[in-house]
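Asker: Provided herewith is a single structure, encoded as structure tokens, for subsequent inquiry.
The values are calculated or read from the model by the stated rules, or taken from the named source; none is laboratory data. This structure is a prediction, so every number in the text was calculated from the model and none was measured. So basically every Cβ, Gly included, is an ideal-geometry build from the backbone, and we count neighbours across all protein chains shown. Note: areas computed on protein heavy atoms with side chains; ligands, DNA, RNA excluded. Shrake-Rupley method; radii C 1.70, N 1.55, O 1.52, S 1.80 Å.
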Amino acid sequence: MNQAPQSAAPAQKGTVTQRAIEQIKAMIAEGLLEPGQRLPTERDLAAQLGISRSSMREAIRALTVLGVLEARHGSGIYVTQLEAGDLLETFGVVADLTRGPRLVELLEVRRVLESTATGLAAARISPGQLAEVERHLAAMNATDDPEEILSHDLAFHRTIALAAGNDTMAAILEGLSSRTFRARVWRGYQEEGAFERTRREHDRIHRALAARDPEAARAAAAAHVGEVEAWLRGQYEQQPNTGATAGS
């Protein structure tokens, strides 16, 4: 009798592990496991799902990396609070490691989401949040130091995303907002003398928020990210064989 190829066993094991992952996720989705609840022991859960302990261990490890489960030393494995920011944290890794034209694709996604979030924020932003946006805008306008501008630029957009009132969207945008990539953009803008242009774009976004004008806010944000997108496309056209090393 011919023996099965050596690669067959790992493939099967991966399939079993994936099934275990899906079953645990289903238990959470159906309310059989609640946020903050302790999982049964590895042995009991493996027996309940009819799989080996090694496959269960791999499934738990994978769900821990994804932020669905957390290991508490000396206490066991628990379901996390399932906050959007935690669950989407690994999304930022994809953005950070993306290179070349794919980076432009991520900026296209960011342009769609950021314009939507900014439009929502114009209708929902609180006086305190608007004051925070204004503070970061003033700080950006008061310096030519790229590092300071970068810090306030990140905080400016983060505050707006949170003001939209959609935690999932804010978490995705956070993942698309790599500090490394933004630093590269700001250095490029400094070399090209484009600070004034981007300051005008930020000011336009702020004025739309202050006016509670969702359409103007959406258009201003789309134009702002679109400028970054166009700049990045230009970089690749000038140096077609190079790629950025960070996400957007």
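Asker: So for each of 212-225, 195-208, 67-80, 109-122 I average, over its residues, the number of other beta carbons within 10 Å; can you give me the resulting order with the highest mean first?
Answerer: In descending order of packing, they fall as 109-122, 212-225, 195-208, 67-80.
Asker: I would also like to ask the following. Counting only heavy atoms of the protein chains, get the accessible area per residue of the range 133-185 (1.4 Å probe) and round it to a whole Å² value.
Answerer: About 40 Å² of surface per residue is accessible.
Asker: How much FRET efficiency would the formula 1/(1 + (r/R0)^6) give for GLU192 and ALA131, where r is the Cβ-Cβ distance and R0 is 25 Å, rounded to 0.05?
Answerer: Calculated transfer efficiency: 0.20.
Asker: Give the carbon-plus-sulfur fraction of the accessible surface of the range 116-176 in %, rounded to a whole number; probe 1.4 Å, heavy atoms of protein chains only.
Answerer: Roughly 53 percent, rounded to a whole number.
Asker: Follow-up. Say each of ALA230 and GLU30 gets a label point 7 Å from the Cα, pointing the same way as Cα to Cβ; how far apart are those two points in nm?
Answerer: Output for this residue pair reads 5.3 nm.
Asker: Compute the separation of the alpha-carbon centres of the range 26-83 and the range 155-210 and state it in Å as a whole number.
Answerer: With the range 26-83 and the range 155-210 each reduced to a Cα centre, they are spaced 37 Å.
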